1. Compute the distance in nm between two label points, each set 7 Å from the Cα along the Cα-to-Cβ direction, one at residue 142 and one at residue 410.
2. For segment 1-60, what does the accessible surface come to per residue with a 1.4 Å probe? Please give it in Å².
3. From the list (1) 241; (2) 162; (3) 371, can you say which value of volume of the Cα convex hull per residue in Å³ was derived from the structure given?
4. Please state the relative contact order of segment 164-247 as a whole percent: Cα pairs under 8 Å, 6+ residues apart?
5. Under a cut-off of 15 Å between alpha-carbon atoms, report the aspartates and glutamates in cross-link reach of residue 310, not counting same-chain residues fewer than 8 places apart.
6. Give me a comma-separated list of calculated 3J(HN,Hα) values for segment 332-340, in order, Karplus coefficients 6.51, -1.76, 1.60 applied at θ = phi - 60°, integers in Hz, x for any Gly or Pro.
7. Taking amide H atoms as placed 1.01 Å from N in the peptide plane, list the residues 5 or more away in sequence, or in a different chain, whose amide H sits under 5 Å from that of residue 591.
8. Sorted by accessible area (1.4 Å probe), largest first, how do 124, 235, 156, 381 line up?
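The values are calculated or read from the model by the stated rules, or taken from the named source; none is laboratory data. In this text, all values refer to a predicted model and were calculated from it rather than measured experimentally. Glycine also receives a Cβ, built like all others from the backbone with ideal geometry; neighbour counts cover every protein chain displayed. Accessible surface areas use protein heavy atoms only, side chains included; no ligands, DNA or RNA. Shrake-Rupley method; radii C 1.70, N 1.55, O 1.52, S 1.80 Å.
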Amino acid sequence: MKLWFAMTILILAVLGGLGFTLTWLFGDFYLQQKLNSLRSEAIEISAQLATEPSWSGRLNLLESLKLTSGAQLVLLDPQGNLVVMAGSITQQGSQNSIEWFPKGLSGSSISGWSRDLRPSDFFTEGYLEQVLSGQTISIKALPVNGGAQAMLLAATPVGTNPVRGVVLLGSSPIPIQESIATFRRLILYASLIAVFLATVISLIFAQHVTRPLGLMQRGATRMAKGDFLPIQGVTSKDEIGKLAEGLNSMGESLKNHMAWLSQEKNLLQGIVESISDAVVMMSCNGSILYANDSAKALWQENDIEVTERKIQIVTILQTMAQREDQVENFEMATIGIQVLQIVMAPMAENEGIRGHVAVLRDVTASLRAEKSRREFLASVTHELRTPLHLIQGYLEAIQDEVIPKDQNEEYIDLVLEEAKRLARLVQELQEINWLERGQVIQPVAIDLENFMVDIDQRFQGRAQELGVNLEICKGSGQLLADPDRLLQVFINLLDNALGHTPRGKTVRVLMVEEQNEISLAVQDEGEGIPKEALPYIFDRFFRVNKARSRKDGGMGLGLAIVRQIVEAHGGNVRVESDMGKGTTFWISLPR
């Protein structure tokens, strides 16, 4: 439609302007040409009439003249009276008919093209005076009284000094106007034909140009939305066809590039998400742009109760990002009992700093492990140093004969006891190391009934010595486990239970069977374990009552070995205790 409208406006403007200009110019040109023709003819007739001395001769001369078609001759006397009129302004009138008006203007009228022609209608006294003064005039005269067509007039005097008459030639401009009107109609018809042709050309052009452009426009819109299907329906080999090929090539390149970017993005996102450390990207204004799953787990994003934790972490990151030195920043932050190691680096671009990337690592476990290692080394050193010092002191005393000879045997027994304690310590440490490496578990099917009978036989004597009642349930079924290691678990647990239970109280061994696991419990009625000590009860070298002697309280490795053995079997161990009511150790093992 736009193409058709533009072509129509162009055609109408060109043809309309051309028609207006031509009719305006040609109308004036033809009118002036007609006036010049009438002027020349009037002068020629006037010259011929001037040679005749009488009116009769002039009349005869007029009869022999042949006037131009459509012209009318009027002969006036010097007073302006009509003397002779010949010819007609219509092409059908007689060209040689002459009417004589001896009485001047009172004679009969002559037939005009559109009305009766009288000189008084067009030829005023002013024009008569100009001609009588010797001038020849050619004018387009309007009727004096109006209401009729204009007339083309040429007037010239007959003779000079004196003027014997006036020759007046008249012609109607209507034929010229009709020619101009015909020319305008031709311009109009040509315009209509041109508009019709423009419509046809517009349809053809739209079929071959606009439609392919529309297809390419829709194809480009699809590409902008991520649909890189090639543009179909454009088969021409011209510039439009090459443009379509270019768009298809661009779409294919964009498709490949987007696929590559998607792969790179997925690869980068996979790398970032697989990192165990928390990765956070921040904008310049401190808002979070991206956080991987480790970061969300770090500040527990889905937990409404710990929203303050996220606020604390984000506040620390915003403070680091606002530092003036735009370099890598390092900081250790403590959130509750958690210690975070934070490294932040700016994301620099040509325009400046776009944002910051921070990597947060939870070093609580590593710091705790380091602390545990130091405490372990200190405990081992302490546990080794005490018996070694005793052994060294007793041996030196015996060597220096400080101790009487009759007491040497007693002190040698003490040295031997400390050496055994030292050997047990080394053995237990070795067992813990083996258990952590998972090299000593050899599970077999254990008959629980026989296993419980064996435990009862092992500990009834010790219980009677201590005055403690020992109740062991009857087992049933089978359990896949290492019998030696499982026995070691009960030895450590029952030894602790019997040692912490007052006389007359009871120690029980319970068993609860479930579908997928068996739970075993060692329950005593001792003094119990303080609530604050329960989280550390299975730590190595931990003793609840540090005031107890090492001989009575052990070295704090028994429960650590119990946990290692149970976890090596794929189970778990837990403790329940109330001060003054006793303690229960629960062991859950898969069948």
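1. 16.4 nm
2. Per residue, segment 1-60 has 65 Å² of solvent-accessible surface.
3. So the calculated entry is the one marked (3).
4. Details: 25 pairs, mean separation 16.4, N = 84.
For segment 164-247, the relative contact order is 20 percent.
5. Qualifying aspartates and glutamates at Cα under 15 Å: 293, 301, 362.
6. 10, 10, 10, 10, x, 9, 9, 10, 10
7. For residue 591, the qualifying residues are 517, 518.
8. On the way: 124 55, 235 115, 156 10, 381 75 Å².
Sorted descending by solvent-accessible area, the residues read 235, 381, 124, 156.
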